[in-house]
Amino acid sequence: MKIAYFDCIAGASGDMILGALLDAGLSEADLKEHLSNLHLPVFDLRSQRVVKQGISAVRVDVLVADELPERRLPEIKAVIQESDLIDEIKTQAIHIFDRLGEAEASIHGIPTDQVHLHELGGLDTIVDVIGALAGLRALGIGRAYASPLPLGRGFTSGAHGRIPLPAPATLALLKGVPVVGSDVEMELVTPTAAALLSSLVESYGPTPAMTLGSVGYGAGSRDLPIPNVLRLLVGAQAVPGLGTYETLVSLETNIDDLNPQVYEHVMARLFEAGALDVTLSPLQMKKNRPGTQLWVLCRPEDADAMAKILLAETSTLGVRRQRVERLSLTRSMETVQTPYGPVRVKIARLDPEQEKIKPEYEDCRRLAQEKQVPLGEVIQAAEFAARTQKLT
């Protein structure tokens, strides 16, 4: 599987993403062919090679007639629905524009169907979104990753007057995404790029392990104190079938004054809210008090909810939080037939010749109780069935 890594050196915009895709190997003719499926009024997609502080990059401009009207959200979605784009791209694009609309609606305090996207309602935004989706698909990219996004500061002008940077819509779209501040007084991440990256990128952090195939540079329109480029790395997953690295959040707190009976309730609430793992570890705290470390592993978008549970349900006054990288094996869930009944098994693959088989405990326990046999016998029967029934 091909993967892509967006290295947002100086931020990101829709046209920078398109430029990076073209520089990484996307054919401009293929891109224009995909965009023709929109059946929009005549526009011209112009790409040219430019140099940004010594770095050669592709600059993309979407040229449209000045008199073309801006579109409201329902109109944009209608254009996409009525196009000849494949269903997968239609679904992705509508999801992205829905998120743009929701962000604007929350900022202005109006219903989503009344949102007028102003600067985001133009044909060039539609081209940026559809072009990025079609370009990733044309390059055969199955997973996308990115660096933390740099955010500029200052003000810019918009339909409602002077707007602080980062733009409110950009910030609304980047909730749960790693960001880093920049001293550059300019918009570095546009709302369009924020919607695209936050919808497509699986995790943020260092470059994932890959066998590098191509590198593309997309240029921004302005000159900055740093090279105004977005760098795209495209390659094959370094160890096919092993799995993928994902960025997760680790939360932990030390507690020495909580009724131990409460921990079961806290763990149940955390798992119900989406925690990937919860552990309790004994420790010795200040004044030689015995205590417990409560540790939670979760996805970035769930971290705030997890922290709120910890603060509300325990006696702690603070929660430590940090991002961690986890390598997850490729896995699937299958059902096998045993002499005692059906059992679900989780199969994790290291490679085509090596796998780990884990029968679901609750299934095995239920059958052991129903058939009045030792639990270990049901587990062994499930493992044997998984290895002999050619599930993999």
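The values are calculated or read from the model by the stated rules, or taken from the named source; none is laboratory data. Note that the structure is a prediction, hence the values are computed from the model and not measured. Don't worry about glycine lacking a Cβ; one is built from the backbone with ideal geometry, like all the others, and counts go over all protein chains shown. Surface areas here come from the heavy atoms of the whole protein model, side chains and all, with no ligands, DNA or RNA. Shrake-Rupley method; radii C 1.70, N 1.55, O 1.52, S 1.80 Å.
Restricting the range 276-293 to residues that are among the aliphatic types (A, V, I, L, M) and under 27 Å from the mean Cα position of the chain (by Cα) leaves a set whose member that is least open to solvent (accessible area, probe 1.4 Å) is Val278. When we screen Ile141, Ile226, Ile163 for residues that are within 19 Å of Thr91 (Cβ to Cβ), at pLDDT below 95, open to solvent by 20 Å² or more (accessible area, probe 1.4 Å) and of a type outside the set (Ser, Thr, Tyr), the only hit is Ile141. Filtered by the rule that a residue be over 23 Å from Tyr145 (Cα atoms) and either of a type in the set (Phe, Trp, Tyr) or open to solvent by 80 Å² or more (accessible area, probe 1.4 Å) (or both), the range 320-334 gives Arg320, Met333. Scoring Leu212 on the criteria (1) under 23 Å from His95 (Cα atoms); (2) open to solvent by 40 Å² or more (accessible area, probe 1.4 Å); (3) in contact with a Leu (Cβ under 7 Å, 6 or more places away or on another chain) leaves a single failure, condition (1). Among helices (runs of 4 or more DSSP H) entirely within the range 1-90, having at least 1 residues that are among the hydroxyl-bearing types (Ser, Thr, Tyr) and under 24 Å from Gly140 (Cβ atoms) singles out 28-36.
Check Ile379, Ile357, Ile347 and return the single one that is open to solvent by less than 60 Å² (accessible area, probe 1.4 Å) and not in a strand (DSSP E or B).
Working: Ile357 fails: not in a strand (DSSP E or B); Ile347 fails: not in a strand (DSSP E or B).
The unique qualifying residue is Ile379.
Can you find even one residue in the range 44-57 that is within 26 Å of the chain's Cα centre (by Cα) and either open to solvent by 30 Å² or more (accessible area, probe 1.4 Å) or of a type outside the set (S, T, N, Q) (or both)?
At the first step, the residues of the range 44-57 found to be within 26 Å of the chain's Cα centre (by Cα) are 57.
Those left that are additionally either open to solvent by 30 Å² or more (accessible area, probe 1.4 Å) or of a type outside the set (S, T, N, Q) (or both): 57.
Yes - at least one qualifying residue is present in the range 44-57.
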